[in-house]
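Trainee: Structure in structure tokens, see below.
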Amino acid sequence: NAGVTQTPKFQVLKTGQSMTLQCAQDMNHNSMYWYRQDPGMGLRLIYYSASEGTTDKGEVPNGYNVSRLNKREFSLRLESAAPSQTSVYFCASSGELAYLLGGTQYFGPGTRLTVL
Amino acid sequence: SQQGEEDPQALSIQEGENATMNCSYKTSINNLQWYRQNSGRGLVHLILIRSNEREKHSGRLRVTLDTSKKSSSLLITASRAADTASYFCATDARTGNQFYFGTGTSLTVIP
């Protein structure tokens, strides 16, 4: 039981390049989330998926797209990376929408992205 | 923003002492959670307290919630070096679609 896994662990991009961050969970959770963590800012929600086939914007969605490929996988895509997207990205999952039922979110180890 | 604010930003104590950190938030909530983050790792859920609860315990953790003051506190008793981490509160909102995380308290426990 690996929990939530993320790939890659580290990535360096040049401005304008694109990339996809991958996330998978093996806990049969319905809901999945993408956060970014910046120094002094806490975690901010980028996008979430309440269930397979649905996605919704969070607090800071601009510059990102997501795909809920199936129940296990939720990817985050940067179409044209900018230095402002340098951050640590965390994927999380929960059994149900955490904010509705007070469910626990389980986090992956993070992807450290630098955009030059 | 609904974002919680933790206080203090940083805390350094000796092993065996108690550590208290606080979280304040802005609007009414259904639930408040506390998470721990070890350096370079993802967040780990510690404890949840619902808006109709005032106090909750889990092992060496004690969480209180005062909805009239829109604040919560996390007490770690008999701290250990392994408790060294950042601690975040996360609040939902009675309306809206997400949890909001605070900026965290960095706790250092000196052996």
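Trainee: Per Stokes-Einstein, at 25 °C and 0.890 mPa s, what whole-number D in µm² s⁻¹ belongs to chain A, with the Kirkwood radius over Cα pairs as the hydrodynamic radius?
Mentor: Diffusion coefficient, whole number: 175 µm²/s.
Trainee: Using a simple charge model, +1 on the beta-carbon of Lys and Arg, -1 on the beta-carbon of Asp and Glu, nothing else, what dipole does the protein assembly as shown show about its Cα centre, in debye to the nearest 20?
Mentor: Roughly 200 debye for the protein assembly as shown.
Trainee: On average, how much accessible surface per residue is there in segment A:15-85, in Å², for a 1.4 Å probe, leaving out ligands, DNA and RNA?
Mentor: Dividing the accessible area of segment A:15-85 by its residue count gives 44 Å².
Trainee: Search the structure for amide H atoms under 5 Å from the amide H of B:Gln98, placed 1.01 Å from N in the peptide plane, and list their residues when 5 or more places away or on another chain.
Mentor: For B:Gln98, whose amide H was placed from the backbone, the distant partners under 5 Å are B:Ala93.
Trainee: While we're on this one: Which whole number of Å³ per residue matches the convex hull of the alpha-carbon atoms in chain B?
Mentor: About 91 Å³ per residue, rounded to a whole number.
Trainee: Please average, across the residues of A:105-112, the number of beta carbons from any other chain that are within 10 Å of each residue's own beta carbon, and give a whole number.
Mentor: The per-residue average across the peptide is 4.
Trainee: Sticking with this one: With every atom except the alpha carbons ignored, what do you get for Rg and Dmax of the protein assembly as shown, in angstroms?
Mentor: Rg then Dmax for the protein assembly as shown, in Å: 17.4, 51.
Trainee: For the protein assembly as shown, what does the helix formula give at 222 nm: sum of -39500 (n - 2.57) over DSSP H segments with n ≥ 4, over the residue count, nearest 500 deg cm²/dmol?
Mentor: 0 deg cm²/dmol
Trainee: Let me confirm one metric for peptide B:28-39, namely the mean number of other chain beta-carbon atoms within 10 Å of its residues' beta-carbons.
Mentor: 2
Trainee: What order do you get for A:86-95, A:106-115 when each peptide is scored by the mean count of other beta carbon atoms within 10 Å, highest first?
Mentor: Packing proxy ranking, top to bottom: A:86-95, A:106-115.
Trainee: Please give, to one decimal in nm, the separation of the simple spin-label points placed at B:Ser28 and A:Thr20, each 7 Å out from Cα toward the Cβ.
Mentor: 4.3 nm
Trainee: Right, another one. Other chains near A:51-61: what is the mean number of their Cβ atoms within 10 Å of each residue's Cβ?
Mentor: 1
Trainee: List nothing, just return the count: lysine pairs in the protein assembly as shown, 8 or more apart or interchain, with Cα separation under 21 Å.
Mentor: Here the count comes out as 5.
Trainee: Count the net charge of all other residues whose Cβ sits under 11 Å from the Cβ of A:Glu52, scoring Lys and Arg as +1 and Asp and Glu as -1.
Mentor: Residues close to A:Glu52 contribute a combined charge of +2.
The values are calculated or read from the model by the stated rules, or taken from the named source; none is laboratory data. Small disclaimer: the values here were computed from a predicted structure and weren't measured. Positions of Cβ are backbone-derived with ideal geometry, glycine not excepted, and every protein chain shown enters the neighbour counts. Just so you know, the surface numbers come from the protein's heavy atoms only, side chains and all, with ligands and any DNA or RNA stripped out. Shrake-Rupley method; radii C 1.70, N 1.55, O 1.52, S 1.80 Å.
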